[in-house]
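Here's the structure, in structure tokens; my notes come after.
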Amino acid sequence: MQSEACSNCGLSLCNGHTAAFGPLPDRLTQDLIEQQGVPFQQGIHYLKSLLPASAVLIGQNIGQDVRWLQLKEGKDFQALLDLAGIYRAWNTKYNTWSIFGQDHVARVLMNYPVASNHDAVGDAIKSVRLYNLSQQLQQDPEAWQQAQHKLLAMPPEPSFAKQNPSYEGVCMGNRRTCTCGAPFLG
């Protein structure tokens with residue numbers, strides 16, 4: 001598994017590989033694990049040593065990452081900001097909130113190329129850039145509204161989870177392509 005931490009300007013602070021559970025994916029070789037990998041708990045300890053208690057963690061569905069990394073709000077970090085909630089838009093056609101994937105938001109609002117492979121470093125940098133853009137756009141209500149209209153108007157490409165029902169042995173939680181059989185709530 002690859003993990004990444006970066007500063008508010010997108011500077012890479014911690015990029016590492018931890019021992020995978022089960023078969024290794026194509027890009028993560030046994031050689032790479034042996035050369036650069038650390039045991040999972042050691043990787044978590046190292047990340048916690050770099051993370052100030054005042055940190056605000058930003059990402060797409062960041063709560064999942066926080067649970068997986070066994071981080072505790074108020075102890076290991078101060079707060080979470082989920083990009084899915086920041087960039088949600090009211091969809092008048094369906095009378096509900098539309099939630100967009102990180103790649104869709106980056107492609108539509110920043111003309112950011114969508115990577116063909118999952119990359120923790122790229123996702124972390126993209127998260128920081130999207131957060132900074134949200135802060136800029138929210139200073140101008142008209143610009144924020146235009147951004148939300150653009151997100152609703154552009155059809156999203158299939159998400160990473162739809163394209164990869166299971167990644168590195170982990171079910172991506174897509175209802176239609178679930179591989180683990182876990183129940184869905186709601």
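Remarks
- Taking helices (runs of 4 or more DSSP H) as the structural unit, those lying wholly within the range 84-179 and holding at least 3 residues that are open to solvent by 70 Å² or more (accessible area, probe 1.4 Å) correspond to 120-137, 141-153.
- Pairs with Cβ under 8 Å, 6+ apart, first in the range 42-56 and touching a residue at least 12 places away in the same chain (Cβ under 8 Å) and outside any loop (DSSP other than H, G, I, E, B), second open to solvent by 70 Å² or more (accessible area, probe 1.4 Å) and among the polar types (S, T, N, Q): Ile44/Gln70; Val56/Gln78
- Among the conditions (1) out of contact with any Lys or Arg (no Cβ under 8 Å at 6 or more places or on another chain); (2) at pLDDT below 95; (3) over 22 Å from Gly169 (Cα atoms), Lys72 misses just one, which is (2).
- Residue in the range 79-100 that is closer than 30 Å to Pro52 by Cα, touching an Asp or Glu at 6+ places or on another chain (Cβ under 9 Å) and touching a residue at least 24 places away in the same chain (Cβ under 8 Å) present: yes
- Residue in the range 105-120 that is touching a strand residue (DSSP E or B) at 6+ places or on another chain (Cβ under 6 Å) and under 25 Å from Val56 (Cβ atoms) present: yes
- Just so you know, in the range 1-41 the residues that are open to solvent by 80 Å² or more (accessible area, probe 1.4 Å) and assigned to a helix (DSSP H, G or I) include one that is modelled with the highest pLDDT, and it is Gln41.
- Hey, Leu80 assigned to a strand (DSSP E or B) and at pLDDT 90 or above or not: yes
- Of the residues Asn132, Asn164, Asn111, the single one that is out of contact with any helix residue (DSSP H, G or I) (no Cβ under 9 Å at 6 or more places or on another chain) and closer than 19 Å to Arg88 by Cβ is Asn132.
The values are calculated or read from the model by the stated rules, or taken from the named source; none is laboratory data. Quantities reported herein were computed from a predicted structural model and do not represent experimental measurements. Here Cβ is always computed from backbone atoms with ideal geometry, including for glycine, and neighbour counts include all displayed protein chains. Ligands, DNA and RNA are stripped out before the accessible areas are found, and what is left, the full protein with its side chains, is counted by its heavy atoms. Shrake-Rupley method; radii C 1.70, N 1.55, O 1.52, S 1.80 Å.
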